[in-house]
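This report concerns only the one structure given below.
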Amino acid sequence: MAVNVLEALIYGLVVSGAPSATSCILSNDGMNVRCDNGMTVSADADGRILNFADGVTVTKQPDGSIDFSNGIEAHFDSLGWIEFSNGIAVRRETLPDRGTGFLIGSELFCQPIGRFAARCDPL
């Protein structure tokens, strides 16, 4: 199973604690993501555990929950945002001029570029 490049990008921005505009591409083997901000992500064979170059792992549990090895926790707020304990907030959104993607706070809009790339641009 290949890594979902958009998912890896968004979790990477959460792990960094300082989201910024970037774009990422999936490797030919489908198991590694490389971003133009220097972030790299690798996955285990089933794509369930994402390993970030800084040593943090993100594990996708069978029930859909996510575990961050650095202790970051998440919860949904009443407006549909996923709020992470480090202050980052993410929400799925459709913007009239950009299509469907994810808002990262009020600064970035992230979306896939085909199946093998993703990017986050300033709003």
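Below is a table of values for the structure above.
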| item | result |
| --- | --- |
| Residue count, the range 67-99 (criterion: within 24 Å of Leu50 (Cα to Cα) and among the hydroxyl-bearing types (Ser, Thr, Tyr)) | 2 |
| Pairs, first assigned to a loop (DSSP other than H, G, I, E, B) and modelled with pLDDT under 95 in the range 111-123, second open to solvent by 60 Å² or more (accessible area, probe 1.4 Å) and not aliphatic (A, V, I, L, M), C-beta under 7 Å, six or more apart | Leu123/Ser106; Leu123/Glu107 |
| Complete set of residues in the range 67-91 that are more than 15 Å from the chain's Cα centre (by Cα) and at pLDDT below 95 | His75, Phe76, Asp77, Ser78, Leu79, Gly80 |
| Residues of the range 78-104 satisfying the condition of being assigned to a strand (DSSP E or B), in contact with a Phe, Trp or Tyr (Cβ under 9 Å, 6 or more places away or on another chain), open to solvent by 40 Å² or more (accessible area, probe 1.4 Å) and over 20 Å from Gly17 (Cα atoms) | Glu93 |
| Unique residue being under 14 Å from the mean Cα position of the chain (by Cα) and either of a type in the set (Val, Ile, Thr) or under 13 Å from Tyr11 (Cβ atoms) (or both) when the list is Thr94, Thr40, Thr100 | Thr40 |
| Among the residues listed as Ala2, Ala8, the single one being surrounded by 21 or more Cβ atoms within 10 Å (Cβ to Cβ), aliphatic (A, V, I, L, M) and either out of contact with any Phe, Trp or Tyr (no Cβ under 7 Å at 6 or more places or on another chain) or outside any helix (DSSP H, G or I) (or both) | Ala8 |
| Any hit, the range 17-32, residues being within 15 Å of Phe102 (Cβ to Cβ), assigned to a strand (DSSP E or B), open to solvent by less than 40 Å² (accessible area, probe 1.4 Å) and touching a Leu at 6+ places or on another chain (Cβ under 9 Å) | yes |
| Every residue from the range 34-77 that is of a type in the set (A, V, I, L, M, F, W, C), in a loop (DSSP other than H, G, I, E, B), open to solvent by 50 Å² or more (accessible area, probe 1.4 Å) and touching a strand residue (DSSP E or B) at 6+ places or on another chain (Cβ under 7 Å) | Ala53 |
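The values are calculated or read from the model by the stated rules, or taken from the named source; none is laboratory data. Keep in mind the model is a prediction, meaning the values are calculated, not measured. Cβ sites come from the backbone with ideal geometry, for glycine too, and all protein chains shown count toward neighbours. Ligands, DNA and RNA are excluded from the accessible area calculation, which covers all protein heavy atoms including side chains. Shrake-Rupley method; radii C 1.70, N 1.55, O 1.52, S 1.80 Å.
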